[in-house]
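Presented below is the structure to which this report refers.
The values are calculated or read from the model by the stated rules, or taken from the named source; none is laboratory data. Owing to the predicted nature of the structure, the values given are computational and were not obtained by experimental measurement. Note that we place each Cβ from the backbone using ideal geometry, even for glycine, and neighbour counts take in every protein chain shown.
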Amino acid sequence: MPYRRSLIGRRALFGFAVLMALGDASAQATPYLVVDADSDQVLMQNEATAPWYPASLTKLMTVYVALEAVRNGKLTLDTPLIMSARAARMPPSKMGFRPGTEVTLDNALKMLMVKSPNDVAVMVAEGVSGSVEAFAGDMNSDAQRLGLHESHFVNPNGLQNPGHVSSARDMAIIARALLREFPDEAGLFSIGALQLGNRYIPNHNGLLGRYPGADGMKTGFTCPAGFNVVASASHSGRRLIVVVLGAPTAKSRNQEAADLFDRGFAMGGGSGSLESLPTGSGAAPNMRADVCLHRNAALIAAAEDEGIADQAQAAAASAGRGMLPAPLAALLAPAAAHTELPDGRIRFDPVRVYIGPAPGWKGPALGARRPASEPAVASGGAKTISAEDASTATATSEGDESAPVKSAPKPKLQRRSEKRTATHKSIKRTSGKSEKKDASAD
């Protein structure tokens, strides 16, 4: 017993000395969080309530609001949404669909989680709420109901706006809500790749297929935000959620998340719930000078698309930052195995998506609200209406504008399209050249 106390004391002194020695680095450490998804216990965290630009992590909230709209009967997963001119003007990453193109909500959500297209995010927002501004209001209403503290949303895609902020804790709460409230849709977040026609579209999440048990969720990148990720993984009956914000490269972000998973799965209890963390304050920092200064924006975007960064870039960044200093509780935890993520491309069995309405669809296509004086006609003659009006609107089906539209069923998320699988195996590792990349990515 005295020996055990002595050992614990030496570990505590060692941890304290390490934290003191790395004081300067710790002051610059960007936010991270590890939480047990079932018990709500925070296992590790650093600045988890500091306001931060979420970039495309925002799309997790976009998916939540859309799925809630389905649950409330405003539309179904088979409802076609219409690409507006405003949506089509969004900068990359994007699908590049022409205005008037119809995509079912089911296919749109899959694209959001894999390709992270900014144009499709706006299409979803307009289809669900009638406009980007109304959808942002719905996002903020749900944020308040879920107990988010640092978050304020102004758009559905996370494109840079000084007023669009969140935090590691808030992002973990959104992830937890998605997993708990919509368990049948968990497969959205683990799709390794999509197949659209002849186009193979890989996921940005560099943990899928590389970290054992990784099953989601979403990456994000802008120069002011840095490289962000909300990740989930399961091991021995436990599911952890990891959030990393502001990493300097995609590769360092992925490896840091893997290291945090390793530490988290080696730990037992935590230090309190997500809700017990004190509310953060202040302005979100701008990481542009650390992430993008003197670096080619197209190469940085390509690194995000690949999920792996240039080795020299990663080495230079890690020399100044490295793995974030761990809290004392993590230093006292049992030694964890170290999972080194492999480089190279992984080819997944792709999930097929398509454009156009679902086979046999007779209901309305939903899009942006328009002034009453303006005609509201989309491609194929489909009337453009908002989701709020869908239950009382009439659809233009084969020229018959008098066809009544049945209101969407409320209790379950229903679709007529092929049911998605929750897991997608990687079948082949390759190190070949990537396809053509967007000029920038989120």
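Only helices (runs of 4 or more DSSP H) whose full extent lies in region 84-168 are considered here, and the ones with at least 1 residues that are of a type in the set (Val, Ile, Thr) and touching a helix residue (DSSP H, G or I) at 6+ places or on another chain (Cβ under 7 Å) are 118-129, 132-146.
The set of residues from region 124-142 being among the polar types (S, T, N, Q) and under 18 Å from the mean Cα position of the chain (by Cα) comprises just one member, 140. Looking at region 217-321, the helices (runs of 4 or more DSSP H) lying wholly inside it that each contain 2 or more residues that are over 29 Å from residue 159 (Cβ atoms) and either at pLDDT below 95 or touching a helix residue (DSSP H, G or I) at 6+ places or on another chain (Cβ under 9 Å) (or both) sit at 250-266, 311-320. Would you call residue 212 within 22 Å of residue 30 (Cβ to Cβ) and either assigned to a loop (DSSP other than H, G, I, E, B) or among the polar types (S, T, N, Q) (or both)? So residue 212 fails the test.
Whether a residue is within 14 Å of the chain's Cα centre (by Cα) and farther than 14 Å from residue 54 by Cα was assessed, and residue 199 does not pass this test.
Hey, any hits in region 242-258 for a residue that's of a type in the set (Ser, Thr, Tyr) and crowded, with 22+ Cβ neighbours inside 10 Å? Scanning region 242-258 turns up at least one residue that is of a type in the set (Ser, Thr, Tyr) and crowded, with 22+ Cβ neighbours inside 10 Å.
Filtered by the rule that a residue be in contact with a Ser or Thr (Cβ under 9 Å, 6 or more places away or on another chain) and either surrounded by fewer than 21 Cβ atoms within 10 Å (Cβ to Cβ) or of a type in the set (D, E, K, R) (or both), region 57-85 gives 59, 73, 74, 78.
Contact map, region 339-359: residues that are closer than 30 Å to residue 263 by Cβ paired with residues that are part of a loop (DSSP other than H, G, I, E, B) and aromatic (Phe, Trp, Tyr), Cβ distance under 7 Å, separation 6+ or inter-chain. Pairs shown: 339/211; 341/211.
Among the residues making up region 139-161, those that are surrounded by fewer than 22 Cβ atoms within 10 Å (Cβ to Cβ), under 25 Å from residue 368 (Cβ atoms) and in contact (Cβ under 8 Å) with a residue 60 or more places away in the chain are 142, 159, 160. Taking residue 213, is it closer than 23 Å to residue 347 by Cα, touching a helix residue (DSSP H, G or I) at 6+ places or on another chain (Cβ under 9 Å), at pLDDT 95 or above and surrounded by fewer than 19 Cβ atoms within 10 Å (Cβ to Cβ)? Against the criterion (closer than 23 Å to residue 347 by Cα, touching a helix residue (DSSP H, G or I) at 6+ places or on another chain (Cβ under 9 Å), at pLDDT 95 or above and surrounded by fewer than 19 Cβ atoms within 10 Å (Cβ to Cβ)), residue 213 qualifies.
I'd like to check something: does region 168-176 contain any residue that is surrounded by fewer than 21 Cβ atoms within 10 Å (Cβ to Cβ) and out of contact with any strand residue (DSSP E or B) (no Cβ under 9 Å at 6 or more places or on another chain)? No, there is no match, as no residue in region 168-176 is surrounded by fewer than 21 Cβ atoms within 10 Å (Cβ to Cβ) and out of contact with any strand residue (DSSP E or B) (no Cβ under 9 Å at 6 or more places or on another chain). Residue count for region 165-196, restricted to those that are under 21 Å from residue 87 (Cβ atoms) and more than 15 Å from the chain's Cα centre (by Cα): 2. When 43, 33, 67, 57 are screened for being modelled with pLDDT of 95 or more, part of a strand (DSSP E or B) and within 16 Å of the chain's Cα centre (by Cα), only 33 passes.
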